[in-house]
Structure formats: structure tokens, C-alpha cells
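Handing you a structure now.
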Amino acid sequence: MKNLLRTKNLDCNTNKYLPNRIIIIVLSGLILLGFITCNTDDNGAVYDPTLYSLDYTDFPDPDIPSDNIPTKTGVQLGRMLFYEKQLSKDGTQACVDCHR
């Protein structure tokens, strides 16, 4: 009789942890799925390597690194960020507010 009770207690103990194991397995699967989907580069953005022509007029040519040549999309992004107020700590000031 004691052996029967012991096996029943063991069965109850293993069933007690079954929901936790299921939760861990499901969460692990979701995390793995997140890594798999984040690894794709198909986000709809298209790289446009069209160079941006700089007009220096009377200024000397700046030193532009060969690995960071300005492109039209890069200059457009820079202009958007220059006027973006959400980049400031409290969201009220953009770069253009000081740098005119």
C-alpha cells in the first residue's frame, strides 16, 4: 500500500510542473520564431546608391571618407533628422532650432 501511495505522489508532483513546462516550451518557440523572422532583410527598403552632388561654391572641398560617400537618400534622411523634434530629450527641440 505504501508503494502505491508513493507512486501516486510522484505522479501528482510531475503533473504539477507540466503547465510550467508547456509555458516554457511555448515561450521558447516564440522566441525562436522571433529570431527567425528578425533575420530577414526584406523590409521594403531599397538602397539607392545614387551619389549626391555637393556644391561648395567658395568653400574648400571637405574631407569625405571613402566609406561614407553622401547619397541622395542619405542626405534626405539627414535633413529629416535635422528637423525632427522627437530626437531631443523632452521632444520639443530640433537641431535646426540652434543651428540655422
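The values are calculated or read from the model by the stated rules, or taken from the named source; none is laboratory data. Every value quoted in this text rests on a predicted model; they were computed, and no experiment measured them. Every residue, glycine among them, receives a Cβ derived from its backbone with ideal geometry; neighbour counts consider all protein chains shown. Heavy atoms of the whole protein, side chains included, go into the accessibility calculation; ligands, DNA and RNA do not. Shrake-Rupley method; radii C 1.70, N 1.55, O 1.52, S 1.80 Å.
Can you name the number of the only condition in (1) at pLDDT below 90; (2) open to solvent by 80 Å² or more (accessible area, probe 1.4 Å); (3) not acidic (Asp, Glu) that Thr14 fails?
If we test Thr14 against (1) at pLDDT below 90; (2) open to solvent by 80 Å² or more (accessible area, probe 1.4 Å); (3) not acidic (Asp, Glu), just (2) comes out false.
Where residues in segment 64-82 are β-branched (Val, Ile, Thr) and in a loop (DSSP other than H, G, I, E, B), which of them is nearest to Cys98 (Cα to Cα)?
Among them, the one singled out is Ile64.
If you scan segment 51-63, which residues turn out to be assigned to a loop (DSSP other than H, G, I, E, B) and surrounded by 10 or more Cβ atoms within 10 Å (Cβ to Cβ)?
Scanning segment 51-63 gives Tyr52, Leu54.
Now for a separate question. Are any of the residues in segment 83-100 assigned to a loop (DSSP other than H, G, I, E, B), on the phi < 0 side of the Ramachandran plot and at pLDDT below 90?
Scanning segment 83-100, I find at least one residue that is assigned to a loop (DSSP other than H, G, I, E, B), on the phi < 0 side of the Ramachandran plot and at pLDDT below 90, so the answer is yes.
Next up: Being open to solvent by less than 80 Å² (accessible area, probe 1.4 Å) and either in contact (Cβ under 8 Å) with a residue 60 or more places away in the chain or within 17 Å of Asp48 (Cα to Cα) (or both) is the filter here, so list the residues in segment 64-92 that pass it.
Within segment 64-92, Pro70, Thr71, Thr73, Gly74, Val75, Gly78 qualify.
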